[in-house]
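The values are calculated or read from the model by the stated rules, or taken from the named source; none is laboratory data. Worth saying up front: this structure is predicted, and the values here are computed from it rather than measured. Using ideal geometry, Cβ is built from the backbone for each residue, glycine included, and neighbour counts are taken over all protein chains shown.
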Amino acid sequence: MKNSLLSIILGLLYNVTSAQLMITPGAHWVNNGAAFVVLKDMDIINDGTIDAGGSVVKFTGTASNLIGGSGATVFHEVELAKAGSNKVTLLNSIDVSKRVIFTSGLLDLNQHVLTLAEIAYLYNESENSRITGLNGSEVVIRMPLYAPAGINPGNLGAVITSASNLGIVMIRRGHKSQSGIGLANSIDRYFDITPANNGALDATLRSYYFDAELNTQVENVMEMYKSIDGGAGWTLQSVNSRNATENYVEKNGVNSFSRWTLSSSGAPLPVTGLEFYAKRINGNQVELKWSTKQEFNNKGFGIERKRENENSFTPNGFVNSLAPGGNSNIPLHYTQIDENSYTGITYYYLKQVDFDGKFRYSVIQFVNGKNAIEASLKVWPIPSAGDVNVLLQGIEKDELQVFDITGRMIQHTPVNNNSQLSINGLVKGVYIIRLAQHSDMSQKIVVQ
């Protein structure tokens, strides 16, 4: 009966126009018992209070969504089950008291913090369903480690073994590539490990990673790097073992913890600064673009592709290096069009090949199929008291226009994909918000 009542309440709060579950200031959303809440293509905007109880909040559907609002948002369990490459993006920090379940889709922390309770953990995180946040986001857990033996707090991927009593340990997993004095760049993951007792530990640290976080690093020569000043300076650490199949690097004899990351920057690379992107430009074509900062002994780039109904990647063309003789000290830019009308998800990566036959792989990128709905204009709150938030997704750039009820344009401003902006100071009345180059995407708002 309690679960049925919860479904009725959610139905009353659902805003059909903006697809948002809005908890207004002063409102209190209570999930009694083990309620199971399914949000299909819906945002949560919490400006009130959430009492999660023992509930599971599951995000499903075929569009990306948001968790935002001014209220403190604490979930018991959260499950991601978004189709394809869709994701849930944080507009503020959240807490989780039991676990985050990764079924499909990404959780983009978006410069915010996911804090796990002492007993909470990440469940089933994988290459295709995981946490991301390349602009400085972190997952945090705090728990006691008394002579830990292979303990992986919160399943964050930092496995610690030590005969010592470390006391209360704070572990932060970040998702931003590291650089500084002694380190050119790293994988898109680092760990800040801060024990209460941080000396003479003689510990073992095993650091896991995903292939999608490699950031051009070469797995079979990756080393551990340590920083004691928050990432400004780095020192190379010896490693005792690596496993490129299970995706970890391990070091013994660690006497103190601080910030740690993985990098192959010490090994000479034929290509530096490789950045690779894939974007569907119409129903039949995908644009592949990449750039390099320097190239040495570089023969070129093989393009490899895999559709979601296929088991493996297959070659899909080769592009010779633009550098004369394969050597260049200046940035070079490449563009290739792939004829692709597949309606599902397609994955791409580059295979960079040296003249001596050695090769390395780029990060994996993916595009939605030609029938996928990739563009959205999200506007909230509706109705508004005068300030309105806008988020554009799936369109690289456009101009946002605001019209009053007479059709007169009163504001216009450039907008970019996945950038949030605010429209402030609107007086009472009815307005239309639309995009200049996508006029079919519009939203009526009411200011009260």
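Results for (1) more than 27 Å from N46 (Cβ to Cβ); (2) modelled with pLDDT under 85, shown as yes or no for each residue.
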position	(1), (2)
L322	yes, no
N327	yes, no
L350	yes, no
V353	yes, no
G357	yes, yes
N389	no, no
I405	yes, yes
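Can you tell me how many residues in the range 412-448 are among the hydroxyl-bearing types (S, T, Y) and either in the same structural domain as T89 (by TED's automatic domain parsing) or surrounded by 12 or more Cβ atoms within 10 Å (Cβ to Cβ) (or both)? Before you say what the answer is, go through the steps one by one.
First pass over the range 412-448, keeping only residues among the hydroxyl-bearing types (S, T, Y): 413, 419, 422, 431, 439, 442.
Narrowing the set further to residues that are either in the same structural domain as T89 (by TED's automatic domain parsing) or surrounded by 12 or more Cβ atoms within 10 Å (Cβ to Cβ) (or both) leaves 419, 431, 442.
Of the residues in that region, 3 qualify.
For a quick check of your reading of the model, give me the residue pairs whose first member lies in the range 166-193 and is outside the structural domain of N215 (by TED's automatic domain parsing) and touching a residue at least 12 places away in the same chain (Cβ under 8 Å), whose second is crowded, with 22+ Cβ neighbours inside 10 Å and assigned to a strand (DSSP E or B), with beta-carbon atoms closer than 7 Å and at least 6 apart or on different chains.
As it stands, the answer is none, since no pair meets every condition given.
Out of (1) over 22 Å from the mean Cα position of the chain (by Cα); (2) not assigned by TED's automatic domain parsing to the domain that holds Q217, the odd one out for K289 is which?
Failing condition for K289: (1).
Between Q294, Q336, which is over 30 Å from T161 (Cα atoms), surrounded by fewer than 20 Cβ atoms within 10 Å (Cβ to Cβ) and either in the same structural domain as S241 (by TED's automatic domain parsing) or at pLDDT 90 or above (or both)?
Details: Q294 fails: either in the same structural domain as S241 (by TED's automatic domain parsing) or at pLDDT 90 or above (or both).
So the residue among Q294, Q336 that is over 30 Å from T161 (Cα atoms), surrounded by fewer than 20 Cβ atoms within 10 Å (Cβ to Cβ) and either in the same structural domain as S241 (by TED's automatic domain parsing) or at pLDDT 90 or above (or both) is Q336.
For the range 26-48, does any single residue satisfy the condition of being within 23 Å of N389 (Cα to Cα), surrounded by fewer than 18 Cβ atoms within 10 Å (Cβ to Cβ) and free of Cβ contacts under 8 Å to residues at least 12 places away in the same chain?
No, the range 26-48 has no match at all.
So how many residues does the range 259-291 have that are at pLDDT 90 or above and among the β-branched types (V, I, T)?
So the count comes out to 2.
Suppose we filter the range 81-101 for residues that are part of a strand (DSSP E or B) and either at positive phi or under 13 Å from the mean Cα position of the chain (by Cα) (or both); how many remain? First the steps, then the outcome.
We begin by selecting, within the range 81-101, every residue part of a strand (DSSP E or B); these are 81-82, 87-90, 94-101.
In the following step, the residues that additionally are either at positive phi or under 13 Å from the mean Cα position of the chain (by Cα) (or both) were identified as 87-90.
Of the residues in the range 81-101, 4 are part of a strand (DSSP E or B) and either at positive phi or under 13 Å from the mean Cα position of the chain (by Cα) (or both).
Confirm whether E310 is surrounded by fewer than 14 Cβ atoms within 10 Å (Cβ to Cβ), more than 30 Å from D43 (Cα to Cα), in contact (Cβ under 8 Å) with a residue 12 or more places away in the chain and among the charged types (D, E, K, R).
Values: surrounded by fewer than 14 Cβ atoms within 10 Å (Cβ to Cβ): yes; more than 30 Å from D43 (Cα to Cα): yes; in contact (Cβ under 8 Å) with a residue 12 or more places away in the chain: no; among the charged types (D, E, K, R): yes.
So E310 fails the test.
Whether any residue in the range 118-130 is outside any loop (DSSP other than H, G, I, E, B) and over 19 Å from K58 (Cα atoms) is what I want to check.
Applying the first criterion (outside any loop (DSSP other than H, G, I, E, B)) to the range 118-130 yields 121-123.
Among the residues that remain, those that are also over 19 Å from K58 (Cα atoms) are: none.
There is no residue in the range 118-130 that is outside any loop (DSSP other than H, G, I, E, B) and over 19 Å from K58 (Cα atoms).
Can you tell me which residue in the range 244-273 is farthest from R360 (Cα to Cα), limited to those that are exposed (fewer than 13 other Cβ atoms within 10 Å of the Cβ) and not aliphatic (A, V, I, L, M)?
N255
Test R173 against the criterion of being among the basic types (K, R) and either closer than 17 Å to V88 by Cα or surrounded by 22 or more Cβ atoms within 10 Å (Cβ to Cβ) (or both), and give yes or no.
yes
Identify, from the list Y342, Y334, the residue that is within 27 Å of the chain's Cα centre (by Cα) and under 25 Å from S129 (Cα atoms).
Working: Y334 fails: under 25 Å from S129 (Cα atoms).
When all the criteria are applied, what remains is Y342.
Would you mind finding the one in N92, N165, N135 that is out of contact with any His (no Cβ under 9 Å at 6 or more places or on another chain) and of a type in the set (S, T, N, Q)? Break it down into steps so the answer makes sense when it comes.
Details: N92 fails: out of contact with any His (no Cβ under 9 Å at 6 or more places or on another chain); N135 fails: out of contact with any His (no Cβ under 9 Å at 6 or more places or on another chain).
Result: N165 is the single residue among N92, N165, N135 that is out of contact with any His (no Cβ under 9 Å at 6 or more places or on another chain) and of a type in the set (S, T, N, Q).
Just checking, which of Q411, Q443, Q437 is within 30 Å of the chain's Cα centre (by Cα) and outside any loop (DSSP other than H, G, I, E, B)?
Q443 is the lone residue from the list that is within 30 Å of the chain's Cα centre (by Cα) and outside any loop (DSSP other than H, G, I, E, B).
Quick grid of which residues meet (1) polar (S, T, N, Q); (2) in the same structural domain as E308 (by TED's automatic domain parsing); (3) under 19 Å from G84 (Cβ atoms):
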residue	(1), (2), (3)
N327	yes, yes, no
K358	no, yes, no
S362	yes, yes, no
G394	no, no, yes
D404	no, no, no
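Kindly provide the set of residues from the range 414-434 that are farther than 20 Å from L66 by Cβ and outside any strand (DSSP E or B), ordered by number.
The answer is G425, L426, V427, K428.
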